[in-house]
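None of the figures in this text is laboratory data; all of them are computed from the coordinates on show. These numbers come from a predicted model, not from an experiment. So basically every Cβ, Gly included, is an ideal-geometry build from the backbone, and we count neighbours across all protein chains shown.
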Amino acid sequence: MSHQKVEASQKWGKMLITDERIERLIEVIKDNSENDFNHSNLYLTILERWKQGDFSKVDEDHNDIWRLQGGTIGKATGILSNQEEQEFINTHFD
C-alpha cells in the first residue's frame, strides 16, 4: 500500500491506502489469537500510526516490510509530495 506515498526506482503492485483497508488489516492481525503473523508487532505499529494519519515515516515503513520480504529492488528513497502522490493515484486508480 505504501507505493502511493514513497519514491522508489521500481514499484510492483498497487493498492490504494484507505481507512477501511487499514482498519481491516488491524482487525485481521489483532483477531489472530494464534499470532500466526510473523512480525505482527511491526505491522500493528505501522498500521496504528497510519490510522492516525501519520505517514511521516512511510518510507521507513516501506523499507522495513521490503527487507522482511527479501527486497532487492524498489527500496524507498523518500516520500512523495502531495502533488506527486495525487499524480500516482490519478494514474493508477482513477
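So the values come out like this:
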| read-out | value |
| --- | --- |
| Exposure proxy ranking, count of Cβ atoms within 10 Å, fewest first, for Asp54, Asp61 | Asp54, Asp61 |
| Sorted by Cβ neighbour density within 10 Å, fewest at the top, the residues Asp19, Asp64, Asp31 | Asp31, Asp19, Asp64 |
| Ranking of Glu27, Glu84, Glu20 by count of other Cβ atoms within 10 Å, fewest first | Glu20, Glu27, Glu84 |
| MRE, 222 nm, helices only [DSSP H, n ≥ 4, -39500 (n - 2.57), over the chain, to nearest 500] | -16000 deg cm²/dmol |
| Placed amide H near Glu7: partners under 5 Å, 5+ positions off or other chain | Thr77, Gly78, Ile79, Leu80 |
| Computed P(r) (all Cα pairs; the chain; 10 Å bins; percent) | 16, 47, 32, 5, 0 |
| Contact order normalised by residue count of region 2-93, Cα under 8 Å, 6+ apart, percent | 50 percent |
| Length added when fully stretched, Glu48-Glu27, from 0.36 nm per residue minus Cα-Cα | 6.5 nm |
